[in-house]
1. Could you please rank A:MET239, B:MET197, placing first whichever residue has the fewest other Cβ atoms within 10 Å of its Cβ?
2. Could you pull out every residue, at least 5 positions away or on a different chain, whose amide H is within less than 5 Å of the one on A:ILE337? Hs are placed 1.01 Å off N in the peptide plane, and Pro or chain starts have none.
3. Taking the number of other C-beta atoms within 10 Å as the exposure measure, put A:ARG203, A:ARG310, B:ARG230 in order starting with the fewest.
4. In nm, give the distance between the simple-model label positions of B:VAL228 and A:LYS81, each being 7 Å from the Cα along the Cα-to-Cβ direction.
5. Return the sequence-ordered ³J(HN,Hα) values of the range B:147-163 in whole Hz as given by the Karplus equation 6.51 cos²θ - 1.76 cosθ + 1.60 applied to θ = phi - 60°, using x for Gly and Pro.
6. Which value in nm describes the separation of the simple spin-label points at A:GLU254 and A:GLU54, placed 7 Å from the Cα toward the beta carbon?
7. Per residue of A:370-382, how many C-beta atoms from partner chains lie within 10 Å of its own C-beta, taken as a mean?
8. Mind sorting B:SER149, B:SER208 by how few other Cβ atoms lie within 10 Å of their own Cβ, fewest first?
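Nothing in this text is a laboratory measurement; each read-out follows from the coordinates by a stated rule. Everything numeric in this text was worked out from a predicted model, so none of it was measured. Note that we place each Cβ from the backbone using ideal geometry, even for glycine, and neighbour counts take in every protein chain shown.
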Amino acid sequence: MAVRIVSDNCIGCGICVDNCPFGAVMLEGGMAVLGETCTGCGACHSFCPNEAIEIEKEIVTQSDSGQYHGVWVYVEIKNGKPLDVALELLSEGRKLANQLQTDLSGVVLGHGVEGVTAEVFAYGADRSYIADAPELAVYRTEPYTDVMVDLINEYKPEIVLFGATNNGRDFSARIAVRVQTGLTADCTGLAIDPDSGLLLQTRPAFGGNIMATIYTEHHRPQMATVRPKVMKKAEPDYMCKGELVRHQVQCSEERIRTKVAEVVESALKIINLEEADVIVAGGRGLGKREGLKLLEELAETLGGAVAVSRPLVDEGWVPHHQQVGQTGKTVGPKLYIACGISGAIQHVAGIQGSDVIVAINKDPDAPIFEMATVGIVGDLYEVLPVLTSRLKDLAEKAV
Amino acid sequence: MASMNIVVCIKQVPDTTEVRIDPQTNTLIREGVPSIVNPFDKHALEAALALRDRLGGTVTAITMGPPMAKLALWEAIAMGADKVVLLSDRAFAGADTLATGYTLAMGIRKLGPCDLIICGKQAIDGDTAQVGPGIAEHLNIPQITCVRSIGSVDNGVLAAERQLESGFERVTVQLPALLTVERTLNMPRYASMQGTMRAIEEDIPVWSAEDIGANPVKLGLAGSPTQVRRVFAPERRQGGQVFTGAPEDTVPAAVEKLRELKVI
């Protein structure tokens, strides 16, 4: 890593001089020069208003990018089946691999999971890596990290994608540290830069107020997580076949420092919001807890699920797993009905992928109306009963 | 376990409800945006304080940031943290999650042996949820992320419930370990009068890159594999038809529209 002054761009403003933590930058003849105490920290680079300071990063030889080929998707398994997010990522990964003219592989970890490979190939993978061992039967950070790192070091993929599930986020961050590479969280867009072939990873930041496009230039693999429902699933083709690579797993139970005593599926009838086709959501405008009843009635009529924005979780009315938005879930239903939700950016960030958004709000100036497909201005306590009964009537007529 | 030394990692973040982007220049408008302690981290601190109150021991709050981040540490003292330390150095600037995890891990190492590290699940400005696991990996200790409940601490083994998408799991972990916590875990306490008085008097120690023995190549911008190419305002959905009037009129009209769109 070295810092270099681009003499053509330097205007001699001296901002770098003031901001150098090591007193290593001086002005000579109206231009910045670096002294011997420069540590190459790059602080000056971040302050320079004129792009006159370049950082040349030391390219880690281990990540000599030319040795890394292929796009990988981590295929998370639940109850013996791949999660939808994995299939979404395989579909997206196929496009990236085509652009790079390389292979797509699905990586499966677990015990007795070989059956899922048909699905992996159906969604476009050329190859499936399978690591099968009793120690991997239930997800745990340590063995999953160990095995994934082994695979990466052995087969050297240039891109690895993970679903941003609790487990995906849990071990991808450790993998990134162990292989010393970048990991971009919760991407909403992935693309290949046609000039450099780099993976361009676009994600929201600052609560969805801004979008940032991020890339990893000198380290491999380039890694990203993507939330469920952000990418679209392709049509599966079950005639597709691929290559199966069985990876020998080396892990011993004694060395694993966590034990999972029990996995408890919630006793409540939880409809996984990320998989719901219809969502009826309530926000601060509900005003009182009783309002949830109206949401439930409407949701029941439509065969949908109830969600909320953050204020209602903060009030303790509704558990966190029903929260939609930046700090909750990202959803992509066919129909999203937002009741008493003003449309704060944090909430909107989680519903952008909905096909149709209906907004019910008594404030005609609520920002939610600027993005809703259909808006109803009115008090939700008056509108919802009418809406529910109207839909019930229609349903009866249809029978 | 007799008593526990617990380290809590906190982050000072801009209140993201206040951050906007200038559509002309595509830069962040930071002016007038208040800084707060990342809400998740207050739950982490509460968890640590509750464990200390139950089992004895000490709670140390650590943060990495500019000198202004001392404010977050004062708040931690006011809530009841025994000790705080700020990692601050120009060399830390521009760090992504990899470099941040390394820096905090080096700071924690310098604090001396600890039994437990607790972090918020994620910070509301970046929402990456990567720094907690990153610290654990740098220190080679096990982790439980998304903790929704903390149970017994027995013979160097901690029991917890970990939130899953459709339920939870009961997990045990050997200490030392790192936890990242959900906001449903607890209700953070308010600052106490006594704590506030202490905070006023506290002179917060500041450690530089050299103090924590960090390798300069692994810090800040230099130690960050990811780079930001472009920052821009998010694309907005276009609004559609808005119906105003009595529900008896607006509802049928809206329903008709939804039928046209074939979603009902």
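1. Values: A:MET239 7, B:MET197 12.
Listed from fewest to most nearby Cβ atoms, that is A:MET239, B:MET197.
2. Answer set, sorted by chain and number: A:ILE279, A:VAL280, A:ALA281, A:VAL358.
3. Final ranking by Cβ density, sparse to dense: B:ARG230, A:ARG310, A:ARG203.
4. With each label placed 7 Å out from Cα toward Cβ, I get 4.1 nm.
5. So the J values, rounded to whole Hz, are 6, 10, 6, 10, x, 6, 10, 9, 6, x, 10, 9, 9, 8, 9, 10, 5.
6. Modelled inter-label distance: 5.5 nm.
7. Numbers: counts 6, 5, 6, 9, 15, 8, 11, 5, 8, 1, 1, 1, 5.
For peptide A:370-382, the averaged partner shielding equals 6.
8. Working: B:SER149 17, B:SER208 14.
Lowest to highest Cβ neighbour count: B:SER208, B:SER149.
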